Structure formats: C-alpha cells, structure tokens
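To start, the structure under review is shown below, and the notes come after it.
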Amino acid sequence: MPVRLATLVAAAAIVLSSHVADARTGGAPRVVASISPLHSLVSAVMLGVESPLLLLHGGTSPHTFSLRPSDARALDGADVLFWIGPTLEQPLQRILPNLRVTRSVAMLDAAGMELLPARELGDSDDAHHDHAAPYGGATAFADPHLWLSPGNAIAMSEEIARVLSQVDPANAERYDVNAAQLVQRLMTLDKDLRDKFSDATAPYAVFHDAYQYLEQRYGLHATGTVTTHAERSPGAAHLHALRASLASGRVRCLFSEPQFQPRMVAALSEGLPIRHAILDPLGSDIPPGPDAYFLLMRSIADTLSDCLRDDPQ
Ligand SMILES: [Zn+2]
C-alpha cells in the first residue's frame, strides 16, 4: 500500500473512531427551545450537561416574530427543538421544513398536557381566532399558552426528560434526577400560587387572551381582552364593546403587555376608575435560565393579586 494512501486510511479511521466515541460517551446534544418559559424548563432538566439555546429573546412575540439569519443558523443542525406548537409559534412552522432539525417536539402534543380550547372572551369582531388556526391533529383548537399552568409545566418537564434521554442516553440518569427535582419545585410553586390567588376574585381585562390556564387553575375572573387576535390590531366594534364593559364598573384592573401598545390600553380606560398594570406571559425582562419560569410565575401572581385586591397600597 502506498504510504500516502495508508496515512489517509489511518486518518479516516481516527476521524471515524472519534465520531463513534463521541456518540458513545454522549457528547451533549444541541438543544434549542423557542420561548423563555419553555427554555427555562429545558435548562433545568439539562443542568450539569449543557445549556440549551433560546430562540426568541425578550420582547419578541411568538405569534409574529421573524427569525434572524443568525437564529436560523443556530437552529439549523440542532438535535432537538422544543417548541409549544404551530398555533403559538406560527412563523416557526413555516420555516421548520427548510431546516435540518433532527427532532422537533411540540409541547401541545406532549403526554399529560391538560389542554383548554381556545376561547373568545367577551364581545368579538368575528368568530375566528388565529390561535385556533387548524393544523391537523387533536390539538388543533387548543389554546397554546399552556405553560401558564404549573400542572402543564410538570407534564412538560417529564416530556423534556423523556425526549432528552432518548436522544442522549448517556446522560439519561442526569435528566431523570433533574426532572424529578424540577417537578418538586413546580409542586411547591403551585401551592404558593394557590395561596396567593385565594382572594384575587375581582374581574379584570387583559391585552390578549394568554391567561386562561392560570385562570382556570386558580379561579381567576377575566372578563375581556383588548385584542381578539394576537397577530393584529383589534377592530373598532370590539374596542367599543370592551369600553362599554369596562365602563360598567365591574372591571377592577386592565392589564397591558410589554409586547403590545400600552397607549391603546390607556385610551380604553380613560376616565374610568380602573387600575393599570403590565402582565407579561413570556417574562421578557427575566434573565433566561433554570429559574426564569419560577420568577415569571411569581411575578405574574404578584402583579395580578396586587392589582385585584380590595385595598391596594
Ligand atoms: Zn399569545
């Protein structure tokens, strides 16, 4: 065998064996998560192994984002993408077929998820809601803001650990232990939120209908939304009806969101004895990581209960 060919074969063998060794010792998988609350749960399950990449950073609406070229590159070649599903990150659904993502896991399809049907709160311009745009499957009409229930966060954590253990069996034990600790923390959070919300029964209105899971779990009382479609501005008829409902005097708080226009919220309640506050279902200001989910939920609970209680400071 000519020397050069032998060298080549040897070099190829080294490359090959290092690849095999890499797979066997479980070189950490490249994991991407779409939104911060989901990324937080993935981070907690992956603690001690690797940090997942967060696709949509603070202030980006998952309903309407456009992926930057750098994000598309980061996503391209990922081993796992965790996302909520086509009815939340609609732009992702369009891009995904063009990317090499080995496994994409939609939380809407996860085992143990308690899904609520998308709803129309109060008056609305038309019967259609973009959140409920059908994409096929049993979850086509589910409200996608499912992370705002700690019960669903527990189901998500278990699904994340299950998927990662299949993709990266070398670290399966780590994922299992981390997920078990995460579930314990989520159960404590759930109990704390139940206490916090025990007297938060006054009616309120929100900017877009993201809080159904929280409301159902803790007995809260939302009466209306400013937008009927998270993707576009509300129509005049809807705003009229909402203004009338606010003027009826029953609504205590009107919550806006950092992703949307606060001026519209202010105009809607002008001259009415209605308190304002900002609720953020994504936690745009919270640093991403394992604690972000807990900080988000406690912050939402504080804001809601402070605004809704009888005697605010
Ligand atoms: Zn939304």
Can you tell which of Ala241, Ala237, Ala266 is touching a residue at least 40 places away in the same chain (Cβ under 8 Å), loosely packed, with under 14 Cβ neighbours inside 10 Å and either under 30 Å from Leu41 (Cα atoms) or among the hydrophobic types (A, V, I, L, M, F, W, C) (or both)?
-> Ala237
State all residues of the range 269-297 that are crowded, with 16+ Cβ neighbours inside 10 Å, in a loop (DSSP other than H, G, I, E, B) and without any contact (Cβ under 8 Å) to a residue 60 or more places away in the chain; if no residue qualifies, say none.
-> Ser269, Ile274, Asp280
For Thr188, the lone unmet condition from (1) of a type outside the set (Asp, Glu); (2) within 15 Å of the ligand (Cβ to nearest atom); (3) surrounded by fewer than 16 Cβ atoms within 10 Å (Cβ to Cβ); (4) modelled with pLDDT of 95 or more is (2)
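When you scan the range 26-46, do you find a residue that is modelled with pLDDT under 85 and either over 29 Å from Phe141 (Cβ atoms) or within 16 Å of the ligand (Cβ to nearest atom) (or both), even just one?
Within the range 26-46, one or more residues are modelled with pLDDT under 85 and either over 29 Å from Phe141 (Cβ atoms) or within 16 Å of the ligand (Cβ to nearest atom) (or both).
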Provide a single number: the residues in the range 123-157 that are surrounded by fewer than 18 Cβ atoms within 10 Å (Cβ to Cβ) and modelled with pLDDT of 95 or more.
-> 1
Conditions (1) under 29 Å from Cys307 (Cβ atoms); (2) within 16 Å of the ligand (Cβ to nearest atom); (3) at pLDDT below 90; (4) surrounded by 15 or more Cβ atoms within 10 Å (Cβ to Cβ); number of the one not met by Arg232 = (4)
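The values are calculated or read from the model by the stated rules, or taken from the named source; none is laboratory data. Worth saying up front: this structure is predicted, and the values here are computed from it rather than measured. Cβ sites come from the backbone with ideal geometry, for glycine too, and all protein chains shown count toward neighbours.
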